[in-house]
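Trainee: Pasting a structure here, questions to come.
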Amino acid sequence: MAITLTQQIQERAHELGFELVGITPAQESQTIQRYKQWIANGYAGEMGYLQRHLPLKEDPRTLLQEAKSIISLAMNYYTVDPSEALTKEPGRGQISRYAWGDDYHDVIRERLLHLVEFIKNTGETKLKSRVFVDSGPILEREYAQKAKLGWIGKNTNLINWRTGSWYFLAEVLVSIDLDYDLPPLIGSCGSCTKCIEACPTDAIIEPNLLDSRLCISYLTIELKNSIPKELRPKMGNLIFGCDICQEVCPWNSKAIPTAEPAFRPRNGNLAPELLSLIGMTQAEFSKRFKGSPIKRAKRRGFLRNVIVAIGNWKSQAAIPALRNALSDDEPLIRRHAAWALGQIGGEDAKQVLKTCLETENDNDVITEIEDALHEIVGDGNLL
């Protein structure tokens, strides 16, 4: 029996490193109304681009008019499990697993373009296509679930019954009809609520409904301004992203390490010492995180996160580094450095804050310094 084009595409996708592949017709979204309501409720926070892209998400054919099929793919990024003693050490920061290695956008996009070229070489020389890697206006989890790659779990991640949720999702829109004979979808979250219970900020407000404004991944990556004070203590030592809802998921006990070397941890990305990060210049930040997802937070956002983790560490050893941070050109960094000193407390921290108060001219930073001093001395005399 001759192998079909669909089977050829699936085989080639596997050769390119995609563990999961499914193909569905290019049809309008069936979850767009729920998505619109999610945005209307304010759950997207400051991610205004989600609102702007709404019209494009209603139907993938707005992205490629000729689209007839959607090839949904998933690439595994599960690598190693660092020791709990290392990740739980408060003087070290935790970085989300997906950002340990190289930027997945670059890695996967290259593979998708190879897949498109393969399809053209089968005889589809007039093929029209578009590829997306977590950056285009397409509801990728909906189409991945339709393609039977997995189901959307209570933590809003796509979960595969064999290997869990440590996957990057991607799509290829193509202008040809393919076979859509899909196996039945297996698995569910059942009555499990471990992800909901484990979230430090209660961001999963009900099963399959996430308030981004409370999510630590949003706070450390997407939020560009000050992190709300009431949420800072709940962030622990998480400095870029958060994996808690995936770490506690029972389905991830089946995870198999990826064969993709690009996703293996870069040197220094597994629980780095916080004090080794706080003094980075822009040039050092750019060099260290070139080709890394971490660059998305920019220096000001990343150091803001590091400083919050230092405040939660509450070590007197961090005071000299925080004193230097209070002289940083970025008011955002100075604001959080003041807060961190307030969390550490003690006479040394108080003297640093009082000295900086005399020269600070940014009103938001002044407010943070004054609040930090009140944190240290209570209602007593700030002098």
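Trainee: Just need the relative contact order of the chain here, percent rounded to a whole number, with Cα pairs under 8 Å and 6+ apart.
Mentor: Numbers: 655 pairs, mean separation 71.6, N = 383.
Relative contact order comes out at 19 percent.
Trainee: Separate question: Which residue, chosen from Leu214, Ala340, Gln316, occupies the Cα position most advanced towards the positive end of the dipole of the chain, where the dipole is computed from +1 (Lys, Arg) and -1 (Asp, Glu) charges on Cβ about the Cα centre?
Mentor: Going by the Cα projections, it comes out as Leu214.
Trainee: A follow-up question, please. Which whole-number value in Å² is the accessible area per residue of the chain, probe 1.4 Å?
Mentor: Heavy-atom SASA per residue in the chain reads 47 Å².
Trainee: For region 219-351, which whole percent of the accessible surface, found with a 1.4 angstrom probe, sits on carbon and sulfur atoms? Display every interim value, and only then the final one.
Mentor: Working: 2940 of 5560 Å².
Result for region 219-351: 53 percent of the exposed heavy-atom area is carbon or sulfur.
Trainee: Past the 23 angstrom mark, what percentage of all C-alpha to C-alpha distances in region 145-250 do you count?
Mentor: When all Cα pairs of region 145-250 are counted, 38 percent exceed 23 Å.
Trainee: Ignoring ligands, DNA and RNA, how do His114, His336 rank by accessible area with a 1.4 Å probe, largest first? If you can, show how the numbers build up before the last one.
Mentor: Working: His114 90, His336 0 Å².
Result, largest first: His114, His336.
Trainee: Which pairs in the list Lys194/Lys298; Lys68/Lys120; Lys120/Lys146; Lys36/Lys154 are over 23 Å apart, alpha-carbon to alpha-carbon? Intermediate values should be presented prior to the final figure.
Mentor: Numbers: Lys194/Lys298 32 Å; Lys68/Lys120 15 Å; Lys120/Lys146 25 Å; Lys36/Lys154 19 Å.
In this structure, Lys194/Lys298; Lys120/Lys146 lie more than 23 Å apart at Cα.
Trainee: Using θ = phi - 60° and the Karplus relation 6.51 cos²θ - 1.76 cosθ + 1.60, list the HN-Hα couplings for region 46-58 in order, rounded to whole Hz, with x at every Gly or Pro.
Mentor: For region 46-58, the Karplus curve yields 8, 7, x, 5, 5, 5, 5, 8, 3, x, 6, 8, 5 Hz.
Trainee: Let me ask another. Starting from the Cα-Cα distance between Glu15 and Leu182, subtract it from 0.36 nm times their residue separation and give me the gain in nm to one decimal.
Mentor: Numbers: separation 167, 0.36 × 167 = 60.12 nm, distance 2.02 nm.
Going from the current span to full extension adds 58.1 nm.
Trainee: In whole angstrom, how far apart do the alpha carbon centroids of region 196-219 and region 72-116 sit?
Mentor: Taking the Cα centre of region 72-116 as reference, the centre of region 196-219 is 21 Å away.
Trainee: What does the helix-only formula give at 222 nm for the chain: each DSSP H stretch with n ≥ 4 adding -39500 (n - 2.57), the total divided by the residues, and the result rounded to the nearest 500 deg cm²/dmol? Present the calculation step by step, with values, prior to reporting the outcome.
Mentor: Working: 15 runs with 139 residues, N = 383.
Computed mean residue ellipticity for the chain: -10500 deg cm²/dmol.
Trainee: Here's another thing I want to ask about it. Using a Gaussian network model of the chain with C-alpha springs under 10 Å, which one of Pro82, Pro293, Pro25 is most mobile by mean-square fluctuation?
Mentor: Comparing Pro82, Pro293, Pro25 in the GNM, the peak value goes to Pro82.
Trainee: Still on this structure, I have one more. Cβ under 15 Å from Trp151's Cβ, Trp151 left aside: what net charge do those residues give with Lys, Arg +1 and Asp, Glu -1? All intermediate terms of the calculation are to be shown ahead of the outcome.
Mentor: On the way: positive: Arg141, Lys146, Lys148, Lys154, Arg162, Lys254; negative: Glu140, Glu142.
Counting the neighbours of Trp151, the net charge comes to +4.
Trainee: Using every Cα-Cα pair within region 253-369, state what percent have a distance larger than 20 Å. Mind showing how you got there, number by number?
Mentor: Numbers: 3138 of 6786 pairs.
Of the Cα pairs, 46 percent sit more than 20 Å apart.
Trainee: Show which lysines lie in cross-link reach of Lys295 when reach means a straight Cα distance below 17 angstrom and same-chain residues fewer than eight apart are skipped.
Mentor: Lys224, Lys287
Trainee: What figure, in Å² to the nearest 10, do you get for the accessible area of Thr4 with a 1.4 Å probe and non-protein molecules left out?
Mentor: That residue has around 50 Å² of solvent-accessible surface.
Trainee: Find out how many positive minus negative residues lie around Gly42, taking Lys and Arg as positive, Asp and Glu as negative, among other residues whose Cβ is under 12 Å from that of Gly42. List each step's numbers first, then the result.
Mentor: Values: positive: Arg213; negative: Glu46, Asp211.
Summing Lys and Arg as +1 and Asp and Glu as -1 gives -1.
Trainee: Pull the list of the chain cysteines that no other Cys approaches to under 4.7 Å, Cβ to Cβ.
Mentor: So far as the 4.7 Å Cβ criterion goes, Cys189, Cys192, Cys199, Cys215, Cys242, Cys249, Cys356 stand without a partner in the chain.
Trainee: Computed over the Cα atoms, what is the radius of gyration of the chain divided by 2.2 N^0.38 Å, N being its residue count?
Mentor: Details: Rg = 23.3 Å, N = 383, 2.2 N^0.38 = 21.1 Å.
Normalised by 2.2 N^0.38 Å, the Cα Rg of the chain equals 1.10.
Trainee: What is the ratio of the Cα radius of gyration of region 176-311 to 2.2 N^0.38 Å, with N the residue count, to two decimals? Show your work: numbers first, answer last.
Mentor: Numbers: Rg = 18.2 Å, N = 136, 2.2 N^0.38 = 14.2 Å.
It is 1.28.
Trainee: Starting from the Kirkwood Rh over alpha-carbon pairs, what translational D in µm² s⁻¹ does region 292-359 have by Stokes-Einstein at 20 °C and 1.002 mPa s? Provide the component values of the computation, followed by the final result.
Mentor: Numbers: Rh = 12.0 Å.
In µm²/s, the coefficient rounds to 179.
Trainee: Taking the mean number of other Cβ atoms within 10 Å as a proxy for protection, how do you rank 209-218, 26-35 from highest to lowest?
Mentor: Packing order, densest peptide first, comes out as 209-218, 26-35.
Trainee: Any chance you could get the radius of gyration and Dmax over the Cα atoms of region 1-128, in Å?
Mentor: Cα only, region 1-128: 19.4, 61 Å (Rg, Dmax).
Trainee: Further question: For region 10-129, what's the relative contact order in percent, using C-alpha pairs closer than 8 Å and at least 6 residues apart? Mind showing how you got there, number by number?
Mentor: Details: 85 pairs, mean separation 38.8, N = 120.
Relative contact order, region 10-129: 32 percent.
Trainee: Taking all protein chains in place and a 1.4 Å probe, what share, in percent, of the accessible surface of region 1-151 do carbon and sulfur account for? Numbers along the way, then the final one.
Mentor: On the way: 3430 of 7460 Å².
Percent of accessible area from carbon and sulfur atoms in region 1-151: 46.
Trainee: Let me ask another. Using alpha carbon coordinates only, what is the Rg to Rh ratio of region 56-183, with Rh defined as the Kirkwood radius?
Mentor: Working: Rg = 17.2 Å, Rh = 16.5 Å.
Answer for region 56-183: 1.04.
Trainee: Could you give the distance between the Cα centres of region 221-289 and region 166-181, to the whole Å?
Mentor: 30
The values are calculated or read from the model by the stated rules, or taken from the named source; none is laboratory data. Computed from a predicted structure; not experimentally measured. Virtual Cβ from ideal backbone geometry, glycine too; neighbours counted across all protein chains shown. Heavy atoms of the whole protein, side chains included, go into the accessibility calculation; ligands, DNA and RNA do not. Shrake-Rupley method; radii C 1.70, N 1.55, O 1.52, S 1.80 Å.
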